[in-house]
1. Sort the following peptides by mean Cβ neighbour count (other Cβ atoms within 10 Å, averaged over residues), highest first: 160-167, 102-109.
2. For segment 141-183, take the convex hull of the Cα atoms, compute a quarter of its surface area, and give me that in nm², please.
3. Can you work out ³J(HN,Hα) from phi for every residue in segment 191-196, in order, using Karplus 6.51 cos²θ - 1.76 cosθ + 1.60 and θ = phi - 60°, giving whole Hz and x for Gly and Pro?
4. From the list [x] 19.1, 65; [y] 16.8, 55; [z] 30.7, 92, can you say which value of Rg and Dmax of the Cα atoms in Å was derived from the structure given?
5. Residue-wise, which Karplus ³J(HN,Hα) couplings in Hz belong to segment 40-48, taking 6.51 cos²θ - 1.76 cosθ + 1.60, θ = phi - 60°, and x for glycine or proline?
6. What is the percent carbon and sulfur in the accessible area of the chain, measuring with a 1.4 Å probe over the protein chains and ignoring ligands?
7. Quick one: accessible area per residue over the chain, 1.4 Å probe, rounded to a whole number of Å²?
8. Nearest 20 debye, what's the magnitude of the dipole of the chain about its Cα centre given +1 on Lys and Arg Cβ and -1 on Asp and Glu Cβ?
Amino acid sequence: MTTEQTAGAVMAALAAVADPADAVFLQRFFKTGPGEYGEGDVFLGVRVPQTRAVAKRFAGLPLPEVRALLDSPVHEHRLAGLIVLNAAFARASGARTRDDAERERLAAFYLRAVRDGRVNNWDLVDASAEYVLGEFLLDRPRGLLDELAASPVLWERRVAVLSTFAFLKAGDASTTLELAARLLDDPEDLMHKAVGWMLRETGKRVDRTLLTGFLDEHAGRMPRTMLAYATEHLDAATRAAYRAAPRRS
């Protein structure tokens, strides 16, 4: 029997595998309390592998139905919508199925969702930014990421940084390093983690000397969390030396 390709059907499928105990845990884990970064987010209690399994059944979901998922207050609905969007973008990017007009439409759809505040927690950003916006911008001008990195909205800045993961996987660290230098003074710990993570991946995937060159110049200004993430895979002595760098403003 053909699966009904609607947002309502996705929501019902997620509800069928939800665990109320997990919902309580996830509400705490994603900091949904007053004043926390995920304030007000609602969880059903569906773990990521289950959400991915559900999303796989709805690969043909039309964009208006994806938008209905992204407009939901329920976290797992939004995550499922983004996973479906990732798959649609991958299909439009395939060697035999490439459709540049569709890729542009999907990237614009994603960017609108970001700017409308629908991609609004770290896992939602991390599960989508590189796979849609990053892949789209691989062979295009990247000024859009500068705009997002300058946004007052935490999640837009994180989208900018995480989009560069696609570039790193293609062997290009230039944009990652540019954004990292711009974001040294970002006030948010979640941005310190994101930037540090992408710097670490620069050293692992592209060129270790690019990472150490950045650290030589900026270690003394980097927030402690950013520095810890960036140096995580260096040898103990090198890691200790960078972490002991004199602090400067």
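1. Values: 160-167: 25.9, 102-109: 17.0.
Per-residue mean Cβ counts within 10 Å order the peptides as 160-167, 102-109.
2. Details: hull surface 10.6 nm².
One quarter of the hull surface, i.e. the mean projection, equals 2.6 nm².
3. Taking θ as phi minus 60°, the curve returns 7, 4, 5, 5, 5, x Hz for segment 191-196.
4. Looking at Rg and Dmax of the Cα atoms in Å for this model, the match is [x].
5. Along segment 40-48, the couplings run x, 5, 10, 10, 7, x, 10, 6, 4 Hz.
6. Reported share for carbon and sulfur atoms: 55 percent.
7. Values: 11460 Å² over 249 residues.
Accessible area per residue, the chain: 46 Å².
8. Numbers: 33 positive and 34 negative charges, 87 e Å.
The dipole of the chain has a size of about 420 debye.
The values are calculated or read from the model by the stated rules, or taken from the named source; none is laboratory data. Please read these numbers as outputs of a predicted model, since none were measured by experiment. Here the Cβ is made from the backbone with ideal geometry for all residues, glycine too, and neighbour counts use every protein chain on show. Just so you know, the surface numbers come from the protein's heavy atoms only, side chains and all, with ligands and any DNA or RNA stripped out. Shrake-Rupley method; radii C 1.70, N 1.55, O 1.52, S 1.80 Å.
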